[in-house]
1. What is the percent of Cα-Cα separations in the chain that go past 23 Å?
2. Percent antiparallel among DSSP beta bridges with both residues in the range 40-154, to the nearest 5?
3. Kindly put Phe43, Phe112 in sequence by how many other C-beta atoms sit within 10 Å of each C-beta, fewest to most.
4. Normalising by the residue count of the range 1-135, find the relative contact order in percent from Cα pairs under 8 Å and 6+ residues apart.
5. Averaged across orientations, what area in nm² does the convex hull of the alpha carbons in the range 3-43 project?
6. Treat every Asp and Glu Cβ in the range 2-153 as -1 and every Lys and Arg Cβ as +1, leave all other atoms uncharged, and give the resulting dipole magnitude about the Cα centre to the nearest 20 debye.
7. Among Thr12, Leu51, Ile124, pick out the residue whose Cα is farthest towards the positive end of the charge dipole of the range 2-153, where Lys and Arg carry +1 and Asp and Glu carry -1 on C-beta, about the Cα centre.
8. For Lys54, list the aspartates and glutamates whose Cα falls under 14 Å from its own Cα; do not include residues on the same chain fewer than 8 positions away.
Amino acid sequence: MCKFRCESLDDTKKLASKFAELIKENGCFINLFGEIGAGKTAFVKLVADALGIKEKVTSPSFVILNEYHSASIPVYHFDLYRLENAGVKTIADELREYSEGKQITFVEWAEFSQGELPFDRVEINVGYEDDDSRVYEFRAVGDKYINILEGLKI
């Protein structure tokens, strides 16, 4: 696990750019955790910008999935917040498909997945402090993405 404190938007942009650089070649499956307003979607937007996504990146809260295809690698952005247990089960196979191959998949509110998400993933917990700074904790689950965390530490 590695932890970063971002005291400004510029700090967060630097972290997002570094993360984007590490995942742009081979893709990654990323689960995002954090309270409402912590900055999950904001981080996805900054990573997408660093990847060269031209479309406007928005929260998929009401549509469940947004797709972006204007960069060198496709980016998929899920939000499980509005899905009930049965709803997550209906897209479980789709989530597995989005974890395979060369693509980047973000899943916000992954805690609602009921254990249906792929084993190999990067988990990012986004928290905020009283001074409006953000704390990002990255953890690799499985061996596939350990190199990404090692790259972030450099």
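The numbers here are math on the coordinates, done by the rules we state, and not lab data. Just so we're clear, the structure is a prediction, and the values are computed from it rather than from any experiment. Methodologically, a virtual Cβ is constructed for each residue, glycine included, from the backbone with ideal geometry; neighbour enumeration extends over all protein chains shown.
1. Working: 3591 of 11781 pairs.
Result for the distance tail: 30 percent.
2. Working: 12 of 17 bridges.
Here the share of antiparallel DSSP bridges comes out near 70 percent.
3. Details: Phe43 25, Phe112 17.
Fewest-to-most ranking of Phe43, Phe112: Phe112, Phe43.
4. Numbers: 232 pairs, mean separation 47.4, N = 135.
Relative contact order comes out at 35 percent.
5. On the way: hull surface 13.2 nm².
Directional mean of the projected Cα hull area for the range 3-43 stands at 3.3 nm².
6. Values: 19 positive and 27 negative charges, 74 e Å.
Taking the Cα centre of the range 2-153 as origin, the dipole is about 360 debye.
7. Comparing the listed Cα positions along the dipole, Leu51 ranks first.
8. Cα-Cα hits under 14 Å: Glu67.
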